[in-house]
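Undergrad: What follows is a single structure, and I will ask about it in a moment.
The values are calculated or read from the model by the stated rules, or taken from the named source; none is laboratory data. Every value quoted in this text rests on a predicted model; they were computed, and no experiment measured them. Positions of Cβ are backbone-derived with ideal geometry, glycine not excepted, and every protein chain shown enters the neighbour counts.
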Amino acid sequence: MRYAICFTPAANDPLSHAAANWLGRNVFSGEMVEPTAIPGLSLHEVAFHTAVPRRYGFHGALKAPFRLAADQSEPQLLRELMRFCGTLTPFSVSRLEVARTGSIFSLVPSLPCDNVQYLASSIVAQFDQFRAPLSDADIERSDPDGLSAAQFANLHRWGSPYVMDEFRFHMPLTGPVSLIDMPRIERSLRSVFEPVLVDPVKISNVALMVEEGNGGPFRVHSLHPMGKVSARRERVPVPA
């Protein structure tokens, strides 16, 4: 079983609904969603191009999937995440937009956002104590020969190549797409997502995601609000 620390909108957010319909799975319930007909793409094509992100669910990774260290437990991770989120201040990122990131399509901020970069770096550092060391197989799956020097150093220090200065916030929507299919896929993605990408996106919670079994799909385990919540004590009448 692995955990990941991510951002995803609330379950009732229009963006969450659009993403669940596109990917064919609800990241909160884990249930499959009957796909909606999309002009220009067959249901088979949508299922093929969304196979990889469907497993991970709609999210923007802040700390990549990790196994718990031998001396840590899920309750300890939850307590620290709740405490840590209480020290954070909610913020907004500029309007998200459909963009190509390498050979895949994702939602990315239309303008750079220092706040999300800082949030991700802080989470990577703060929760590294919960991460089990990478195995040799984990390192090989990261294709170390294809990494830059900085990415290779990140892999061994933080368990992922794409952290700190190498981090780029994105919410994946497809797996690898061939060059010939890219224009058609991009048009379809814009028709699905642009209606719900009009306003800035508020980052006001952090999601703990969990992998179901070994190699199974990820789902949201819990959402943790950012910022301090004033404790409200209910007054109990004092007996006369």
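Undergrad: With respect to LEU189, determine if the residue is part of a loop (DSSP other than H, G, I, E, B), under 30 Å from GLY40 (Cβ atoms) and out of contact with any Gly (no Cβ under 7 Å at 6 or more places or on another chain).
TA: Spelling it out, it is not the case that LEU189 is part of a loop (DSSP other than H, G, I, E, B), under 30 Å from GLY40 (Cβ atoms) and out of contact with any Gly (no Cβ under 7 Å at 6 or more places or on another chain).
Undergrad: May I pose another question? List pairs: first in region 55-84 and farther than 30 Å from LEU23 by Cα, second modelled with pLDDT of 95 or more and among the basic types (Lys, Arg), Cβ under 9 Å, 6+ apart or cross-chain?
TA: As it stands, the answer is ALA69/ARG131; GLN72/ARG131, since those pairs meet every condition given.
Undergrad: Looking only at residues that are out of contact with any strand residue (DSSP E or B) (no Cβ under 8 Å at 6 or more places or on another chain) and of a type in the set (Val, Ile, Thr) in region 1-49, which one is modelled with the highest pLDDT?
TA: The qualifying residue modelled with the highest pLDDT is ILE38.
Undergrad: Here's another thing I want to ask about it. Consider GLN129 carefully, then state whether it is in contact (Cβ under 8 Å) with a residue 24 or more places away in the chain and loosely packed, with under 13 Cβ neighbours inside 10 Å.
TA: Answer is yes for this residue.
Undergrad: If you don't mind, there's one more thing I want to ask. Out of VAL177, VAL210, which single residue is at pLDDT 95 or above and part of a loop (DSSP other than H, G, I, E, B)?
TA: The match here is VAL177.
Undergrad: Also, I was wondering about something else. Tell me which residues, restricted to region 134-179, are in contact (Cβ under 8 Å) with a residue 60 or more places away in the chain and closer than 26 Å to ALA70 by Cβ.
TA: Within region 134-179, GLY159, SER160, TYR162, VAL163 meet the criteria.
Undergrad: Related question: Can you tell me how many residues in region 22-46 are part of a helix (DSSP H, G or I), surrounded by fewer than 21 Cβ atoms within 10 Å (Cβ to Cβ) and touching a Pro at 6+ places or on another chain (Cβ under 7 Å)?
TA: Of the residues in region 22-46, 1 are part of a helix (DSSP H, G or I), surrounded by fewer than 21 Cβ atoms within 10 Å (Cβ to Cβ) and touching a Pro at 6+ places or on another chain (Cβ under 7 Å).
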